[in-house]
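Some notes on the structure that comes next.
The values are calculated or read from the model by the stated rules, or taken from the named source; none is laboratory data. Remember, it's a predicted structure, so these values are computed and weren't measured experimentally. Positions of Cβ are generated from backbone atoms using ideal geometry, with glycine treated the same way; all protein chains shown enter the neighbour counts.
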C-alpha cells in the first residue's frame, strides 16, 4: 500500500474545481458559472477571464444566485454555482429545495471551504451539516472527492449528469494521490486497498488519513480494507455490502457531523441487509471553533489515530 499510494505534492481541492470548471468552459458552451463574491476563493478566475460572457457575479446574494441558476437551466444552460459550503446550503436551503430540487433542475451546486478545515474563520463558517442537508433532498446527488485530481475529475463528470448535484470540497492543501487521468463515475466507490479484518469507508479529506491508518493497523497485524466513498448519494450499496461480507465490521470516516453523514448512510445499509458493528469517525454533535486545520482535526477526533482506534474497537465487537 505504501508503494501504491504516495504523493509528490499537496494541493487544495478547490483548485481542482477551478481547473475542472475552466476545462468545461472550453468543451461545453452550455456551461455557465455564477459566484457570490468569492471568485478568487473558489478558483473561478480562469473561467471568468476566458469566458466572461458566461460568468455571472451576483455579489453577496446567495439566494438570488440559486434562483438565477434554476432559471438558466430552462434555456438549456448548465449552471455551476460557487460559494462557501455554509452559504451554498444552510443560507439558501429553501431556494435549493423549492427552486432546484423540487423540479429536478440541472444545477451544479459547488461548495468550497467545507468542514473544520476552513480553520481560523470559525464555527459560523465551518458547516458540518451540509452532507445531511443535501442528501435528504430527493434527486440530489452528493459528491465529496478526496484530492485535487479527483475534484477536477468530479467537476468534469457532473456536467454530464442530468439533475441537481452538490459538489463539496475544501481550502487546505492535502495530499494529491489519485491518478490525474482517472475516470470519475458518480455512485461508484473505489477500492483502494483490500483487507479481511475491517472495512474503512472514508470520504473527502479523511481518505488519505484512512490510508495512513491502514499502515499503522498493518503493523499491528490487522489488514484493513480501504474504500473511497466519493459519492455519498447515490451510495454504492453493492460495494459496501461486498466489503462487509468479507470483513464483518465497518468504520466510517468523514469531516462532518456524525448525525446525517456518510456513517448514517452506511449504518442504514447494514441495518437493512447485513447487521454488523460500525464505528463512526466524525464530529460528535458539536460546532467547530477557530484554529488551524490540523489543530481542529485533532481536537475533534478526525485524525489518523482516531481511525486506528475506531478500527480496533469495532474489531473487538465482532461476534
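Which of (1) assigned by TED's automatic domain parsing to the domain that holds residue 227; (2) surrounded by 20 or more Cβ atoms within 10 Å (Cβ to Cβ) is the odd one out, the single condition residue 194 does not satisfy?
So residue 194 meets the others, but not (2).
What residue, of 288, 260, is modelled with pLDDT of 95 or more, crowded, with 22+ Cβ neighbours inside 10 Å, out of contact with any strand residue (DSSP E or B) (no Cβ under 9 Å at 6 or more places or on another chain) and under 26 Å from residue 140 (Cβ atoms)?
The match here is 288.
Over 16 Å from the mean Cα position of the chain (by Cα), within 21 Å of residue 174 (Cβ to Cβ) and loosely packed, with under 14 Cβ neighbours inside 10 Å: does that describe residue 294?
yes
What tally of residues in the range 159-194 results from selecting those that are part of a loop (DSSP other than H, G, I, E, B) and within 26 Å of residue 292 (Cα to Cα)?
Here the count works out to 7.
Looking only at the range 149-158, decide whether some residue is part of a loop (DSSP other than H, G, I, E, B) and either assigned by TED's automatic domain parsing to the domain that holds residue 104 or in contact (Cβ under 8 Å) with a residue 40 or more places away in the chain (or both).
No, the conditions are met nowhere in the range 149-158.
So, in the range 38-60, exactly how many residues are free of Cβ contacts under 8 Å to residues at least 24 places away in the same chain and farther than 20 Å from residue 158 by Cα?
6
When you go through (1) part of a helix (DSSP H, G or I); (2) touching a helix residue (DSSP H, G or I) at 6+ places or on another chain (Cβ under 7 Å) one by one for residue 114, which number turns out not to apply?
The failed condition is (1).
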